[in-house]
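Remarks on the structure that follows.
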Amino acid sequence: MRKALERLSNYENLTRSESQSLMESIIHNEVAEAQIVALMMAYRMRFPTAEEILGFRDALIEVCIKPSLDASSAIDIVGTGGDGKNTFNISTLSCFIVAGAGYRVIKHGNYGSSSVSGSSNTLQNLGYHFSNETGNLQGQLDASNVCFLHAPMFHPALKAVATPRKSFGLRSFFNLLGPLMNPVEPHYQLFGTSSMEISRLYTNIMLQTQRKFCIVHALDGYDEVSLTGSVHIQHNDSQSVCEPRHFGSELVDPASISGGENPAQAQEIFINVLQNKASLAQQEVVLANAALAIQMMHASGIDLVEAKEHAKSSIESGKAYDCFQAFIKASNQ
């Protein structure tokens, strides 16, 4: 560890295998807490490379709990967090809209870091029961097209860094790892990133996989399609900058997509969207993000406006809310 810190302090990069070995030492409690804090600080001073993140991820995925789920036709939709915008649960809501449109979602999530109520907070408060048992998760998928993997239940190795992360008190490279660590590695992945630097990092990482991906970054700092301005969209083999009009939407006021001031308000917005009772801005933002996922997974290829219509039909038909209700019920069986 000391040699690694010396190299990092000299702005040298670690290889993927070196990073994996380093994380394995951390997992096995062979590294002092002060050195883990020093490692986090080193990566605050300069951004980790794709090879370094992949190495850290390799070590953690190797020891995580892996439910036996078929992820070949499933998607994960997740924001990296850290944008400080306190939006409502846009990516989580998108999951149920995509599910209502007939696609499978295996979402990996955690408690909130930059919003009033993260995906795990909101789902738990609405009656969802966390599980890491394959049978329960498969039952959720069969009943609703969605299952949820609450990160702490699948990555017990991260307990080794809980105390130093808390004492460090700042976002670290561990936050960058989170969205990359879905234990079943769904074939489709929609990421929202809070900066172009993270977007480029994730692109370099995902290009080394066989998965189909879409990485979005709103140019005014949101880690999702916010419709508050332009958004950069990166696919496996193309990139573009889209405006709200490309989604068939109008520009929205940032205040209109706030997540509220407390968890109760966040939950109210969540249910209102699913029951087709949300404000126009709230609905349009969720539909835009769901449209990206549907466009990516659609068998014959459709444009964003048509994909958005599929998403809109999921809400208006009641299928999205039906999926949510079935999801909650299945998690408690």
*Condition met for Thr203 (of a type in the set (Ser, Thr, Tyr), surrounded by fewer than 21 Cβ atoms within 10 Å (Cβ to Cβ) and assigned to a helix (DSSP H, G or I))*: yes
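Considering the stretch 215-232 alone, what residues qualify as being surrounded by fewer than 21 Cβ atoms within 10 Å (Cβ to Cβ) and within 21 Å of Gly301 (Cα to Cα)?
Answer for the stretch 215-232, where residues must be surrounded by fewer than 21 Cβ atoms within 10 Å (Cβ to Cβ) and within 21 Å of Gly301 (Cα to Cα): just His232.
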*Exclusive hit being over 19 Å from the mean Cα position of the chain (by Cα), at pLDDT 95 or above, acidic (Asp, Glu) and in the same structural domain as Gln234 (by TED's automatic domain parsing), set Asp303, Asp322*: Asp322
*Exactly one of (1) surrounded by 17 or more Cβ atoms within 10 Å (Cβ to Cβ); (2) modelled with pLDDT of 95 or more; (3) not in a helix (DSSP H, G or I) is unmet by Lys85. Its number?*
(2)
*Considering only the stretch 303-333, how many residues are of a type in the set (Val, Ile, Thr) and closer than 16 Å to Asn289 by Cβ?*
2
_Among the residues that make up the stretch 238-253, is at least one of them touching a residue at least 60 places away in the same chain (Cβ under 8 Å), out of contact with any His (no Cβ under 8 Å at 6 or more places or on another chain), surrounded by 15 or more Cβ atoms within 10 Å (Cβ to Cβ) and in a loop (DSSP other than H, G, I, E, B)?_
yes
*Going by the conditions given, is Asn29 on the phi > 0 side of the Ramachandran plot, among the polar types (S, T, N, Q) and assigned by TED's automatic domain parsing to the domain that holds His217?*
no
*Kindly indicate which of Pro164, Pro186, Pro179 is crowded, with 21+ Cβ neighbours inside 10 Å and not in a helix (DSSP H, G or I).*
Pro186
*asked:* Quick test of your reading of the structure: Ala42 fulfils all but one of (1) surrounded by fewer than 17 Cβ atoms within 10 Å (Cβ to Cβ); (2) at pLDDT below 95. Name the failing condition by number.
replied: (1)
*asked:* Just to be sure before I move on: is Ser194 closer than 26 Å to Val98 by Cα, at pLDDT below 95 and hydroxyl-bearing (Ser, Thr, Tyr) in the structure I sent?
replied: yes
_Residue count, the stretch 280-333 (criterion: buried (at least 16 other Cβ atoms within 10 Å of the Cβ) and closer than 22 Å to Tyr222 by Cα)_ = 20
*Mind listing whichever residues of the stretch 272-290 are within 20 Å of the chain's Cα centre (by Cα) and of a type in the set (A, V, I, L, M)?*
Val273, Leu274, Val285, Val286, Leu287, Ala288, Ala290
_Among the residues in the stretch 266-283, are any farther than 21 Å from Thr80 by Cβ, in contact (Cβ under 8 Å) with a residue 40 or more places away in the chain, among the polar types (S, T, N, Q) and assigned to a loop (DSSP other than H, G, I, E, B)?_
yes
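This table checks each residue for (1) in the same structural domain as Thr80 (by TED's automatic domain parsing); (2) farther than 14 Å from Ile77 by Cα; (3) within 20 Å of the chain's Cα centre (by Cα).
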residue	(1), (2), (3)
Ser195	yes, yes, yes
Arg200	yes, yes, yes
Ile215	yes, no, yes
His232	yes, yes, yes
Leu251	yes, yes, no
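Can Arg211 be described as assigned by TED's automatic domain parsing to the domain that holds Cys95, among the basic types (Lys, Arg), more than 21 Å from Ile65 (Cβ to Cβ) and surrounded by fewer than 19 Cβ atoms within 10 Å (Cβ to Cβ)?
no
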_Leu149 - would you say it is not in a helix (DSSP H, G or I) and not assigned by TED's automatic domain parsing to the domain that holds Lys319?_
no
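The values are calculated or read from the model by the stated rules, or taken from the named source; none is laboratory data. Since we're looking at a predicted model, the values are computed, not measured. Methodologically, a virtual Cβ is constructed for each residue, glycine included, from the backbone with ideal geometry; neighbour enumeration extends over all protein chains shown.
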